[in-house]
Structures are given as structure tokens and as C-alpha cells.
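Enquirer: My structure is below; once you've seen it, I'll send some questions.
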Amino acid sequence: MSNRKKTNSPNRHQARESAIETLYAWHSGGNDNADLPHLLSGRIQEEERGAQDETYLREMVYGITEQKDELDELIKPAVKRSLKSVANVELNVLRLAVWEMKNRLEIPYRVIINEALELTRAYADESARGFINGVLDKLAKSIRSAEMK
């Protein structure tokens, strides 16, 4: 068996990057769901992300935007300040991670948190990583309590 990575399998990390960029633009544009098809189209056509899992990208973006209020209610208790004061990128990384914790039980919570920290490293400053890590650790204890035991 080869140790090489599969190159023909869809890449979920790239899809998560595209999702964060799409959600950032959606949030900045006033959360208008009518903008989503156009925003997604731009991310899907991104040359650097040709291997991304487009199906997963769409599932994430539409799932997160449809469940935004529910996700925010889950996030609020773990954040010691108003969500309005949380930077757009950080809030959308949290939404994406919480959506995955709730809806993609086949993905271990540690993988979800690691992916969120990678996204934070790429799109925010170093202090944001500590914030994201702390919030997601708290949330994993309630959302994935059975898995953490």
C-alpha cells in the first residue's frame, strides 16, 4: 500500500477555505441569501482550489446560512462578549466548526477544531487562534460530550 495521498479525492480543507471566504462575503453583504449562488460560483471557479469538494462546500455554506441563528445561540454561551463584537472571520470559523460538530458526526471533534485553527491561522491573527480554540473546546464538551468521554 502506498503512503502517497490520493490526488483524485475531493479536498475538504480547500472547501472549508472557500466556505469561509463565501461566508465572509455573505456576512459583509448583509446576510442576503440571494447572493449565495453568485458567491459560491466565484469560489468554485477559483483556480487554486480545483481539487475542492464542491458538494461539501455547498452543503456547508447553505447549512450554515440556514442555521445561522441556531448556531449563534450555541456559540453565545461560550463567548464572553457580544457576538457583534467578534470579528467576521472568527465568527464564521466558529459557525463552520459548530455546524460540523452538530451535523457531521463522522468527523472527530479534534479534526474539526484543528481545521478551524488552520483556517484561523490563514485568515486571522495569532490571538484569534487562542480565542477560537477556547470557544470550540467549551462547545465540544456540550455538543460532542459522548465522543469526549
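Every read-out reported here was derived from the displayed coordinates using simple, explicitly stated rules and does not represent laboratory data. This structure is a prediction, so every number in the text was calculated from the model and none was measured. Glycine also receives a Cβ, built like all others from the backbone with ideal geometry; neighbour counts cover every protein chain displayed.
Enquirer: Is there a quick way to get the dipole size of the chain? I mean about its Cα centre, with the Cβ of Lys and Arg at +1 and of Asp and Glu at -1; what is the value in debye to the nearest 20? Before the final figure, lay out each step's value.
Expert: Working: 23 positive and 24 negative charges, 143 e Å.
In debye, rounded to 20, the chain gives about 680.
Enquirer: Rounded to the nearest 500, what is the chain's calculated 222 nm mean residue ellipticity when only DSSP H runs of at least 4 contribute -39500 (n - 2.57) each, over all residues?
Expert: Numbers: 8 runs with 100 residues, N = 149.
Helix-only estimate at 222 nm: -21000 deg cm²/dmol.
Enquirer: Please give the peptides 99-106, 26-33, 48-55 ranked by average Cβ packing (other Cβ atoms within 10 Å per residue), highest first, as a rough proxy for protection.
Expert: On the way: 99-106: 16.8, 26-33: 12.4, 48-55: 14.9.
Most protected by this proxy first, the peptides run 99-106, 48-55, 26-33.
Enquirer: Moving to a separate point now. For the chain, how many pairs of lysine residues have a Cα-Cα distance under 30 Å, where the two are 8 or more positions apart or belong to different chains?
Expert: Going through the chain pair by pair, I get 26.
Enquirer: Also, quick follow-up: Quick one, what does Rg over Rh come out to for the chain if you take C-alpha atoms and the Kirkwood Rh? Don't jump to the answer; show the numbers that get you there.
Expert: On the way: Rg = 15.2 Å, Rh = 15.8 Å.
Ratio value, two decimals: 0.96.
Enquirer: Here's another thing I want to ask about it. Amide H to amide H, which residues 5 or more places from Asn11 or on other chains are under 5 Å from it, using H placed in the peptide plane?
Expert: For Asn11, the qualifying residues are Gln52, Asp53.
Enquirer: Once you put a point 7 Å from the Cα of Asn33 and another 7 Å from the Cα of Glu73, both along the Cβ direction, what distance in nm separates them?
Expert: Reported label-point gap for Asn33 and Glu73 is 1.7 nm.
Enquirer: May I ask you to order 13-21, 118-126 by the average number of other C-beta atoms within 10 Å around their residues, highest value first? Could you put the intermediate results ahead of the total?
Expert: On the way: 13-21: 22.6, 118-126: 16.0.
Sorting 13-21, 118-126 by mean packing, highest first, produces 13-21, 118-126.
Enquirer: Can you give me the span-like helices of the chain, meaning DSSP H runs with 15 Å or more of Cα extent along the axis and Kyte-Doolittle mean at or above -0.5? Don't skip to the answer; put the middle values down first.
Expert: Details: long enough: 12-28 (23 Å, -0.98); 54-66 (18 Å, -0.38); 88-103 (22 Å, 0.06); 109-123 (21 Å, 0.11); 126-143 (26 Å, 0.11).
Helices passing the filter in the chain: 54-66, 88-103, 109-123, 126-143.
Enquirer: With the dipole of segment 12-144 worked out from charges on the C-beta (+1 for Lys and Arg, -1 for Asp and Glu) around the Cα centre, which of Ile75, Asn33, Asn92 lies farthest toward the positive end?
Expert: It is Ile75.
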